[in-house]
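Shown next, in structure tokens, is the structure this report addresses.
The values are calculated or read from the model by the stated rules, or taken from the named source; none is laboratory data. Note that the structure is a prediction, hence the values are computed from the model and not measured. Cβ: placed from backbone, ideal geometry, glycine included. Neighbour counts: every protein chain shown. Areas reflect the complete protein model, heavy atoms only, side chains present, ligands, DNA and RNA absent. Shrake-Rupley method; radii C 1.70, N 1.55, O 1.52, S 1.80 Å.
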Amino acid sequence: MNDHPANRKMIAKLMFRLLPIQVVLAAAGSVNGIVSGVFASRLLGVDAMSVLGLYAPIQTLLTGIGLMLAGGSVILCAKHMGRNEQAGMQNVFSLDLAVTTGLAVGIAALFLLRGTLGGTGALVRDEALRPLFDRYLLGQAAGVPALLLGVQIPPFLTMENRGRRTMRASLIHIAAHLLLTLLLVVVLDGGIFGLALASSLGLWVFLGVEAAPFLAGRTHMRLTVRSLRWRELGPILRTGAPGALGSGCQAVRGLLVNRLILLFVGSAGLSAFAAADTLLRIVWAFPTGMLAVSRLLMSVSFGEEDRQTLCDIFRVMLRRFVPLMCAVAAVLILAAVPLTRIYYRDPADPVFRMTAAGLRILPLCLPLSVLSTHFSAYGQVSGRPWLAHGLSLLDGVVCAAGFAALLIRPLGMPGTYLAFVLSGAVCLLVVLARARVLGGRFPRSMEELLVLPADFGVPESERLDLTVRSMDEVVQIARHVQDFCLDRGVDPRRAYLAGLSLEEMAGNVVAHGFTKSTRTHAVDVRVVHKNDDVILRLRDDCVPFDPGERQRLAEDSDVTKNIGIRMVFRIARDIQYRYLLGLNVLTIRI
């Protein structure tokens with residue numbers, strides 16, 4: 001029964017259950033960007049398309065600010081959740097939304113001021129484009145609060161096990177944005193201002209659908225501005241800084257690479273690069289979604305100091321996520337020419353050939369990106385900002401722009417595309433070199449690759465991992481747990497009570513939880529001996545079941561019912577229950 005792969009299987013099921021929600025969320029922005037670009041280029045003209053390009057760096061900056069606040073808040077919140085610190089979790093949630101709201105209102109006011117008074121000369125030097133940009137900025141100002149707050153809410157919905165609402169909100173957002181654009185640009189002839197206002201109103205629709213459970217008070221986390229502990233703002237910003245740095249590096253990388261392309265290839269090369277990049281952005285939602293899922297689970301694992309689950313997250317990434325992205329990359333490479341025809345028709349046209357070359361080379365970045373971003377997130381979550389910052393700088397600016405500068409002259413556009421692949425390969429080598437230097441040898445296990453501190457969690461010798469799939473296995477648990485406790489010097493009475501408690505609770509899950517659905521279930525059991533405490537943890541993916549609530553109901557009704565649960569509550573020194581990301585998690589301290 002000592003079966004680590006079973007725990008990994010449960011983690012894999014959870015990660016793939018959460019993945020579609022995050023992928024749809026990441027893809028929604030790309031789809032809406034394509035919609036705006038089509039309306040701008042075909043109905044409003046080349047100047048309108050140029051305005052969208054001019055606003056893109058501002059959009060990237062706003063997204064980076066939102067990700068900094070969201071990333072830091074979610075990581076800290078998940079750590080509080082892993083430690084079952086409800087007050088700390090509520091404070092971080094409320095502080096995040098309060099700070100985001102104040103910042104968003106200030107930025108929106110700045111947009112209104114600049115757009116009204118025409119103070120955008122530093123951004124737009126072309127006199128013909130400046131009035132258009134001012135009107136576009138005014139339309140976008142209305143959506144700044146919805147944009148920044150909309151970035152914050154999805155991970156909190158996932159923590160509340162309401163991730164499907166995020167998927168629903170994203171699909172509604174796409175439909176609303178399209179309808180609003182048709183109404184404001186085509187029907188009402190709102191021009192560039194209507195195009196921006198449609199984007200802003202679509203963001204408010206998205207935020208409204210997302211925030212409804214919080215506004216209705218149907219969630220565990222609730223906004224409260226009283227007694228906020230503002231000292232946690234610093235940790236939020238420091239923890240979230242790598243995400244903001246990553247967005248900033250991508251913006252700088254884009255500016256540098258665009259300049260190199262214009263200098264050595266020309267506008268045809270820039271058109272080809274933009275076309276390939278636009279097509280791949282939707283596919284890039286997969287690595288983005290994978291990262292969001294893994295980062296959330298990593299944060300919870302750090303809160304619980306759970307070495308095994310943390311390693312299992314990376315094993316799933318290597319054995320499931322990376323092969324999946326290799327398959328996606330292969331499909332894109334094979335379909336390079338048909339995909340190129342979406343934008344360009346003539347295979348003899350240089351821009352056609354350069355776009356097809358991009359679609360044959362750039363997909364190789366997908367599996368490499370999954371690897372580098374996961375280790376960057378690990379550095380962010382584990383309090384090693386130098387790892388996160390270093391990988392962001394290498395992949396975001398130094399390697400990509402550096403290799404592009406070296407290769408674009410001899411190889412042209414293929415050299416530029418190859419630069420991104422080489423950048424990802426360098427990041428992978430840096431991760432391996434870090435493990436080799438800090439660990440003293442080439443990593444031979446996941447713990448050695450992550451270079452986990454010795455004092456993180458408990459070593460394997462001080463824990464017992466069990467997987468229960470049937471009632472027959474439940475019967476054997478007491479003996480395994482009792483022997484484990486006795487071998488570590490726990491007194492015989494507590495050793496016996498630990499085995500008895502685990503047998504009762506695991507048997508309850510098998511007898512009642514397994515029968516509630518047709519899916520195959522298992523109970524992941526962990527016994528830890530730490531500081532002379534015996535800590536039992538049961539984790540399963542059955543329907544939500546709070547034994548504490550059942551025990552309270554039993555005390556008020558028939559005393560002959562739920563005898564086992566009431567016995568365990570009398571035996572244990574402390575019992576904590578959480579329904580965490582779709583898993584029942586019961587922790588018993590003997």
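What three numbers, in Å, describe the spread of the alpha carbons of segment 229-282 along their principal axes, ordered from the longest?
Computed over segment 229-282, the largest-to-smallest principal extents equal 54, 25, 11 Å.
Residue farthest toward the positive end of the dipole of the chain, with Cβ of Lys/Arg at +1 and Asp/Glu at -1: which of G507, V475, G33?
Result: G33, furthest along the dipole toward the positive end.
Report the local net charge at F352: Lys and Arg +1, Asp and Glu -1, summed over other residues whose C-beta lies under 11 Å from its C-beta.
+1
Report the one residue of M159, Q576, L366 whose Cα lies farthest in the direction of the positive end of the charge dipole of the chain (charges on C-beta: Lys and Arg +1, Asp and Glu -1; origin at the Cα centre).
L366
Which percent of the Cα-Cα distances in the chain go past 43 Å?
Percent of Cα pairs beyond 43 Å in the chain: 27.
Would you mind computing Rg(Cα) / (2.2 N^0.38 Å) for segment 378-444, counting N as its residues?
Dividing the Cα Rg of segment 378-444 by 2.2 N^0.38 Å gives 1.31.
Could you count how many Lys pairs in the chain have their Cα atoms under 26 Å apart, skipping same-chain pairs fewer than 8 positions apart?
Within the chain, the lysine pair count is 6.
Hey, can you rank 340-346, 162-168 by average C-beta count inside 10 Å, highest first?
Highest to lowest by the protection proxy: 162-168, 340-346.
With a ≥ b ≥ c the root eigenvalues of the C-alpha gyration tensor of segment 179-286, is it rounded (a/c under 1.5), prolate (a/b larger than b/c) or oblate?
It is oblate, given that a/c is not under 1.5 and a/b is not larger than b/c.
Counting only protein heavy atoms, what percent of the accessible surface of segment 332-460 is carbon or sulfur at a 1.4 Å probe?
68
With the cut-off at 12 Å, report for segment 472-519 the share of all Cα pairs above it, as a whole percent.
Across segment 472-519, Cα pairs with separations above 12 Å total 61 percent.
Sorted by mean Cβ packing within 10 Å, highest first, what order do the peptides 60-66, 565-571, 244-250 take?
Ranking, from highest mean packing down: 244-250, 60-66, 565-571.
So, by mean Cβ neighbours within 10 angstrom, what's the order for 505-514, 387-396 with the highest one leading?
387-396, 505-514
Could you provide, to the nearest whole Å², the per residue accessible area of the chain with probe 1.4 Å?
Result: 44 Å² of accessible area for each residue.
If you place +1 on the Cβ of every Lys and Arg, -1 on the Cβ of every Asp and Glu, and leave all else neutral, what size is the dipole of the chain about its Cα centre, to the nearest 20 Debye?
420
Please state the shape class of segment 299-417: rounded when a/c is under 1.5, otherwise prolate if a/b exceeds b/c and oblate if not, all from the C-alpha gyration tensor.
Oblate, since a/c reaches 1.5 and b/c is not below a/b.
For segment 437-524, what is the Kirkwood estimate of the hydrodynamic radius, computed as the reciprocal of the mean inverse distance between distinct Cα atoms, to one decimal in Å?
After inverting the mean inverse Cα-Cα distance, the result is 15.5 Å.
Counting pairwise Cα distances across segment 18-118, what percent come out greater than 18 angstrom?
The calculated P(r) of segment 18-118 puts 66 percent of pairs beyond 18 Å.
Using the Karplus curve 6.51 cos²θ - 1.76 cosθ + 1.60 with θ = phi - 60°, work out ³J(HN,Hα) for each residue of segment 255-266 in order, rounded to whole Hz, and write x for Gly and Pro.
5, 5, 5, 4, 5, 5, 5, 5, 6, 10, 10, x
Set the Förster radius R0 to 45 Å, insert the Cβ-Cβ distance between A128 and L215 as r into 1/(1 + (r/R0)^6), and round the FRET efficiency to 0.05.
Taking R0 as 45 Å, the efficiency between A128 and L215 is 0.55.
Counting each DSSP H run of 4 or more residues in the chain as -39500 (n - 2.57), what helix-only mean residue ellipticity at 222 nm follows after dividing by all residues, to the nearest 500 deg cm²/dmol?
-23500 deg cm²/dmol
Please give the charge dipole size of segment 454-590, origin at the Cα centre, charges +1 on K and R Cβ atoms and -1 on D and E Cβ atoms. Round to the nearest 20 debye.
240
Could you state the angle between the C-alpha long axis of helix 471-487 and the longest principal axis of the C-alpha atoms of the chain, as a value from 0 to 90 degrees rounded to the nearest 10?
Orientation of helix 471-487: about 80 degrees from the principal axis.
Express in nm, to one decimal, how much length is gained between S267 and V38 on full extension, taking 0.36 nm for each residue of separation and deducting their alpha carbon distance.
80.5 nm
Find out how many positive minus negative residues lie around L19, taking Lys and Arg as positive, Asp and Glu as negative, among other residues whose Cβ is under 12 Å from that of L19.
Surrounding charge for L19 is +3.
Can you compute the FRET efficiency between L432 and L113 using 1/(1 + (r/R0)^6), with r the Cβ-Cβ distance and R0 = 41 Å? Round to the nearest 0.05.
0.25
What's the Cα-based Rg to Rh of segment 240-319, Rh via Kirkwood?
That ratio is 1.16, to two decimals.
Normalised by the number of residues in the chain, what is the relative contact order in percent for Cα pairs under 8 Å and 6+ residues apart?
16
Taking only the C-alpha atoms, wrap a convex hull around segment 128-244 and report its volume per residue in Å³ as a whole number.
Each residue corresponds to 145 Å³ of Cα convex hull volume.
With point charges of +1 on the Cβ of Lys and Arg and -1 on the Cβ of Asp and Glu, referenced to the Cα centre of the chain, which listed residue (P544, A405, L586) lies farthest in the positive direction of the dipole?
My answer, from the dipole projection, is A405.
Could you work out the local net charge near T340, counting Lys and Arg as +1, Asp and Glu as -1, over the other residues with Cβ closer than 14 Å to its Cβ?
Every neighbour counted, the sum reads +1.
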